[in-house]
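Structure first, commentary second.
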Amino acid sequence: MSSIKISDGIVKDDVLVIGVSIKSGKGSLQIESGDLALDSKALVATLNDLGATGKADEVIRIPGTATRLLVFTGLGKSQSVFPDETLRRAAGAAARHLAGNSSATFALPATTPLAVKAVAEGAGLGNYLFDQFRGSTKSAQKSPLKHISIYSSLVHGAEAKALSHHAEIVTKYTHIVRDLINTPPSHLTPESFCAMISEAVKAAGGAAVGLKVSVMTHTQLKSKGYGGIIGVGQGSSNPPRLLNISYTPKGVKAEKKYAFVGKGITFDTGGLALKPALGMEAMKSDMSGAAAVCAATIALALLKAPTAIDAWAPLAENMVSDQATRPSDVITIYGGKTIEVLNPDAEGRLVLADALVKAQEDGDLDGIIDVATLTGAQVVALGTRTSAVMTNNEEFSSHFMDLTKISGEAFWPMPLPIELRASLDSPVADMANIGERMGGMLVAGLFLKEFIANELPWLHLDIAGPAYNEGEPHGYTPVGGTGVALRSLIEIGLAAKS
Ligand code: BES
Ligand code: MN
Ligand code: ZN
């Protein structure tokens, strides 16, 4: 893990990252180094010689004179104030190209504390390497930066420490989420997921920071009637689990209590509705929601958030065997609703239903948020970089959407049209697990809504596309697990109101 600090010291013998933007009209380049004064005329001339465009995701490296290496990162069109997310991405793109160096200073046009935080986060998030499963090719991998400095005159404000601390926590726990997603299913089972999270809770300080972990075993789930988790997991020799992490603020009364529930399918073959081989490997990412809610809860404890969090991760492996759930089998969700499993590949909603009911059992919540790589329809509707938000409470949803402007994560509100609900009716059970194919993301949302108490504010985040990057790396996003939803969950846990 790299350290992140804010500084305004002299940048010498180091790597210096600065921004470059495109002036409107002529399209000429402009140096954007924020609080650091530079001779930009000479730099622009060099950039022109190199054919630089200044577009986002363009990173150009040249040997420095006063500094060791000068790195230009594209910001796109010139603006008097750049959006925080533009800065976050530009810092991330640069960081991705700096592997092999030990430290770097980022001087970008960040004028507010939130903008400085965005640069710090972008640098930390882009600075990621997953090499745990390499053997002979491991030594060829360039190590990420060890020290990140953000150049800013805000260093003297009391906020600077808090900003870099927040960025360090966001970086660390995003990396943990990505590591869990990238870990192959041969090494990440429901049981080992629980072990890794328990380890992370212990490393964060455990009870001393207000965290508690408990795990329900296969036997306990069976005897207590968690038919969703058991039904999905019964085709696998790796038995299912229900993991719970609770965070209670220390020394103060919690301002709010939220439950987070994350889909934790450690591998989704589709079960007896077997998925095609092409692309099935991406289904190791089907536990992204679970990883995000667990990591967010630990991060919130370390940030001393004022909100109590109860996080639930229903974990199972959706496999094929003679024990696997058959299409037409009927299962009973925790609490008693019966479900006809018409398609064993619509398994996420089954494990979530159990966990959602359990999460509400004590009746002391102010809100509940589930996070899931739930439907292919989400990817069709919004693509691979925008996640969906569905809700039963517009106020809660708009509060969340406001906070995504701070986290920089792309979410878009989607409806839950009541007329689609009847398509989930079953001729034999209380409900079927699939309905109308068109609008499949919304149908899945309507299924989950059946397990939410009427008055309880609820958000359903479908992150199927954005959770896992199968394309090229971009901005602060590497190939593989992205860690999406973590930053927005952290923001909502930190925000005192609503
Ligand atoms: N895990 C998948 C959804 C998914 C698809 C996530 C693509 C990430 C990328 C989920 O369990 C699934 O298989 N959903 C089915 C539901 C259908 C059978 C109603 C789907 O979307 O095809
Ligand atoms: Mn599935
Ligand atoms: Zn799935």
* **Residue in the stretch 245-279 that is nearest to ligand 1 (Cβ to nearest atom), counting only those that are crowded, with 22+ Cβ neighbours inside 10 Å and among the hydrophobic types (A, V, I, L, M, F, W, C)** => Ile265
* To do: Considering each of Arg88, Arg134 in turn, give the residue that is of a type outside the set (Gly, Ala, Ser), open to solvent by 40 Å² or more (accessible area, probe 1.4 Å) and closer than 22 Å to Asn469 by Cβ.
  => Arg134
* Could you tell me whether Lys284 is closer than 24 Å to Ala200 by Cα and within 12 Å of ligand 1 (Cβ to nearest atom)? => yes
* Structure fact -> Filtering the stretch 91-104 down to residues that are open to solvent by less than 10 Å² (accessible area, probe 1.4 Å) and not aliphatic (A, V, I, L, M) yields Gly92
* Asked: Looking at the stretch 428-464, which of its residues are among the small types (Gly, Ala, Ser) and surrounded by 24 or more Cβ atoms within 10 Å (Cβ to Cβ)?
  -> Ala444, Gly445, Ala464
* Structure fact -> Residues of the stretch 264-312 being in a loop (DSSP other than H, G, I, E, B) and of a type in the set (A, V, I, L, M, F, W, C), in sequence order, are Leu272, Ala273, Leu274, Ala277, Leu278, Met287, Leu303, Ala305
* Asked: Within the group Asp84, Asp131, which residue is within 16 Å of His175 (Cα to Cα) and among the charged types (D, E, K, R)?
  -> Asp131
* To do: Go through the residues of the stretch 248-260 one by one and say whether even a single one is within 12 Å of ligand 2 (Cβ to nearest atom), in contact (Cβ under 8 Å) with a residue 12 or more places away in the chain and not acidic (Asp, Glu).
  => no
* Asked: What about Asp362, is it within 16 Å of ligand 3 (Cβ to nearest atom) and acidic (Asp, Glu)?
  -> no
* Determine whether the stretch 325-340 contains at least one residue that is more than 16 Å from ligand 1 (Cβ to nearest atom), within 21 Å of Met390 (Cα to Cα) and either in contact (Cβ under 8 Å) with a residue 60 or more places away in the chain or within 30 Å of the chain's Cα centre (by Cα) (or both). => no
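The values are calculated or read from the model by the stated rules, or taken from the named source; none is laboratory data. Here the structure is a predicted model, which is why all the values come from computation and not from measurement. Reconstructed Cβ throughout: ideal geometry from the backbone, glycine too, with neighbour counts over all protein chains shown. With ligands, DNA and RNA removed, areas are computed over all heavy atoms of the protein, side chains included. Shrake-Rupley method; radii C 1.70, N 1.55, O 1.52, S 1.80 Å.
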